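Here the structure comes first, spelled out in structure tokens, and everything after it is commentary.
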């Protein structure tokens, strides 16, 4: 494994396997990595000012933040879910699920959903618990709340749909599982009237009404002689522009799919473990060695590559007009040029790793650190 950030787990866990994977993770963590290049002095070519900060509690695994209009909802590992006004940082509500969390946060502005390490789906509204349901497997991907339903992608490659108000289970779709899956957020989104999920190396389009499969689009092919080498899960975040959805297959490939008909536009080899972002012209990715790469969305041609942040553990990027925002494992948020990856500004937080990749809410750039700091920056 070239990265120690994602952890591995089996869909059907056994004590022996948990032990072997713990050893694998420990060996990976202890292995030396090349020393990152020194960062040059900050030269602010784009103006950004701190807007506000808040504290939500430690975030030990990469969670997703839910942005709906001017509200951002975030979660801490020990079970606190907090909704904040993106413009001011004012706390709108806070709920305690009274359980450690494995995934979160998904929502639609009315409801917020998280999953506990005890495999319970918990749905909240305005800080009040509406219902919770037991799930058959671990979950690492934030639930999707859409159309009055809550959709869950579990670690055993199963997809489940629940009624948003009552928690009644509507349907389940089970796909054959590989030996290993990533303990990392995957792909789950709505594209028009199709539920698009990442199942192993495939983007798969499901009918949200009954879970039936509409199409499957492979982005990578499992290779290798053992389960670890053959691991090719799709990881979030994704870049969606109309019907075009671009995603990463873990340490294997990057590609784009037309979700209206399930056809692969292109795939290219790419070694990374974080998601992608972009616009109608370009898709941006961070590679496992810290390089930033720009790809032409139409055909996957590599436009440029920058090694200015090489050997830093980087989050998925976020495109912000002329800038690309990326967090690293020392608490910096880098603003880089979309034209060539050159530095435009660098923003400090609390010195702990950025755990929630940068998001934009009501014109404010927001990140969350491992220490639970929520930091908001406002472009001038």
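Values in this text are rule-based calculations from the coordinates and carry no lab data. In this text the structure is predicted, and so the values were computed from the model without any measurement. FYI the Cβ positions are ideal-geometry reconstructions off the backbone, even for glycines, and counts take in every protein chain you see.
Please give, to one decimal in nm, the separation of the simple spin-label points placed at residue 117 and residue 68, each 7 Å out from Cα toward the Cβ.
Going by the 7 Å Cα→Cβ label model, 2.8 nm.
Fewest first, what order do 328, 227 take by the number of other Cβ atoms within 10 Å?
In increasing order of surrounding Cβ atoms, one gets 227, 328.
What order do you get for 285-293, 302-310 when each peptide is scored by the mean count of other beta carbon atoms within 10 Å, highest first? Don't jump to the answer; show the numbers that get you there.
On the way: 285-293: 21.8, 302-310: 15.6.
Put in order of decreasing packing, that is 285-293, 302-310.
Report the far tail of the P(r) of the stretch 66-183, meaning the percent of Cα-Cα pairs longer than 16 Å.
Distances greater than 16 Å cover 57 percent of the Cα pairs.
Arranged by the count of other C-beta atoms within 10 angstrom, fewest first, what order do 380, 216 take?
Lowest count first: 380, 216.
What's the extension gain from residue 91 to residue 303 if we count 0.36 nm per residue and subtract their Cα-Cα distance?
The residue 91-residue 303 span can extend by a further 72.1 nm.
Given the alpha-carbon gyration tensor of the stretch 122-177, what are the semi-axes of its equivalent ellipsoid in whole angstrom, ordered largest first, with each equal to the square root of 5 times an eigenvalue?
20, 12, 9
Taking the mean number of other Cβ atoms within 10 Å as a proxy for protection, how do you rank 312-322, 126-136 from highest to lowest?
312-322, 126-136
May I ask you to list the residues of the stretch 113-148 whose amide nitrogen lies under 13 Å from a point 7 Å from Cα along the Cα→beta-carbon direction of residue 100?
116-119
What ranking, highest mean first, results for peptides 350-359, 139-148 when packing means the other Cβ atoms within 10 Å averaged over each residue?
With the highest mean Cβ count within 10 Å placed first, the list reads 139-148, 350-359.
How far is it, in nm, from the label point at residue 260 to the one at residue 33 when both lie 7 Å from their Cα along the line to the Cβ?
So the two model labels end up 4.1 nm from each other.
Determine the calculated [θ] at 222 nm for the chain from helices alone, applying -39500 (n - 2.57) to every DSSP H run no shorter than 4 residues and normalising by the residue count; nearest 500 deg cm²/dmol.
-1500 deg cm²/dmol
Given the Cα-Cα distance of residue 46 and residue 228 and 0.36 nm per residue of separation, how much length would full extension add, in nm?
Using 0.36 nm per residue and subtracting the Cα-Cα distance, I get 61.3 nm.
Work out, step by step, the length gained on full extension between residue 310 and residue 362: first 0.36 nm times the residue separation, then minus their alpha carbon distance; give nm to one decimal.
Value of the extension gain: 15.6 nm.
With the contact rule set at Cα under 8 Å and sequence spacing of 6 or more, what percent relative contact order holds for the chain?
Computed over the chain, the figure is 15 percent.
Hey, any idea what Rg/Rh is for the chain, computing Rh the Kirkwood way over Cα pairs? If you can, show how the numbers build up before the last one.
Details: Rg = 19.4 Å, Rh = 20.8 Å.
Here Rg/Rh amounts to 0.94.
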